[in-house]
Amino acid sequence: MTERQPNRRRFVQAALVSSAAVALPALAQSPAFPTRPIRLICPWPAGGSTDAVMRSIAESAGKALGGQMIVENKPGASGMLGPNELVNAKPDGYTLSQLTIGVARLPHMQKMQFDPLKDFTYIACLTGYTFGLVVRSDSPIKSIRELVDYAKANPGKFTFGSPGNGTTPHLAVEEFAFKAGIKLQHVPFKGVAEGMQSLLGGHVMSHSDSTGWAPHVDAGTMRLLATYGGKRTKRWPNVPTLHELGYETLADSPFGIGGPKGMDPAVTRRLHDAFKKTLEDPAVLSTFEKYDQSVIYMNSDDYAKYIREQYAKEKDIIEKLGLSQKT
């Protein structure tokens, strides 16, 4: 008996050591993230202002992660083709997309493939757009006052383009028109580049968008009638805002990065930290400045909370404008 007990004790000890030896390498060897390139969807055309900003962010975030982040353009559907892809993507952190405020708005306007309150992991909010309304430099419309006068004299004849139905540039003008008591005709495009071509070609009378129109304004081929923020921009201090002209409209349009629902919290934190670090990168900040975008940072929890609150607010706005989904 005395001989067998030590043997048994040694056997149990050996088994415990063996189990620990198996478990420790398994923990130590759990794959680091990322181990392959991350796909970041930009739901707007290549060559536009959002594309440039997203590529700057992707390059910086990839460096912060010690890996590579590849931007893939999927334009159309008012910026919703990226969010749509997240619905069926694996929640492993290797498929991400830009999420605009449209994810909280468009479900009130039309049937969508996703539920913004359930189907996404909100990683970080990073920045936001400056929007404005431009006309060609040879347009007889030289101010918002003249636009309103023309539209009242010619109901439904003044046309404006935007990057898509339900986008902030679309709804800001719809809200302005509602408050001005005028009727305008909306023409949706896939992005700012397509809208600029149409405006320069005389196919629309104006275009509402983010500052992809800036080079044309600076070159003198387009005239900026108004911007939509709460205060005038540093770049165009002589251009009034719709707010100061008496037409309070949708002004803030922050955007961030999201992934599929059900992501590992550790991977979400790693991605969040990398994207947050991009906001300290001079190259990223320079790109923001080029397109008149400011830093609008929210962490994962605050970003998700913001979308929940905005979802309720957007419902009220859409109903007021008469753009709610018809059932």
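With a Cα cut-off of under 19 Å and a minimum spacing of 8 residues unless on different chains, the lysine pairs in region 132-192 number 7.
A Cβ-based charge dipole, computed about the Cα centre of the chain with Lys and Arg at +1 and Asp and Glu at -1, lands at about 720 debye. For the pair Ala312 and Ser286, a Förster radius of 41 Å applied to the C-beta separation gives a FRET efficiency near 0.70, rounded to the nearest 0.05. Each of Glu175, Glu146 was scored by other Cβ atoms within 10 Å of its Cβ. Arranged with the fewest first, they read Glu146, Glu175. Between Asn165 and Ala219, full extension at 0.36 nm per residue minus the direct alpha carbon distance yields a gain of 16.6 nm. The modelled label-to-label distance between Glu72 and Gln197, using points 7 Å beyond Cα along the C-beta direction, is 2.4 nm. Ordered by the number of other Cβ atoms lying within 10 Å of each residue's own Cβ, fewest first, Arg223, Arg105 fall into the sequence Arg223, Arg105. By its C-alpha gyration tensor, with a ≥ b ≥ c as the square roots of the eigenvalues, how is region 131-227 shaped: rounded for a/c under 1.5, else prolate for a/b larger than b/c, else oblate? Here region 131-227 falls in the oblate category. Of all lysines in the structure, the ones whose alpha carbon falls short of 21 Å from that of Lys261, not counting any fewer than 8 places away in one chain, are Lys74, Lys90, Lys111, Lys118, Lys276, Lys305. From most to least packed by mean Cβ count within 10 Å, the peptides 138-144, 167-173 give 167-173, 138-144. Extension gain, Asp264 to Asp302: 0.36 nm times the residue separation minus the Cα-Cα distance gives 11.9 nm.
Bear in mind that the values in this text are calculations on the coordinates, not laboratory data. Note that the structure is a prediction, hence the values are computed from the model and not measured. Please note: Cβ atoms are built from the backbone with ideal geometry, for glycine as well, and neighbour counts cover all protein chains shown.
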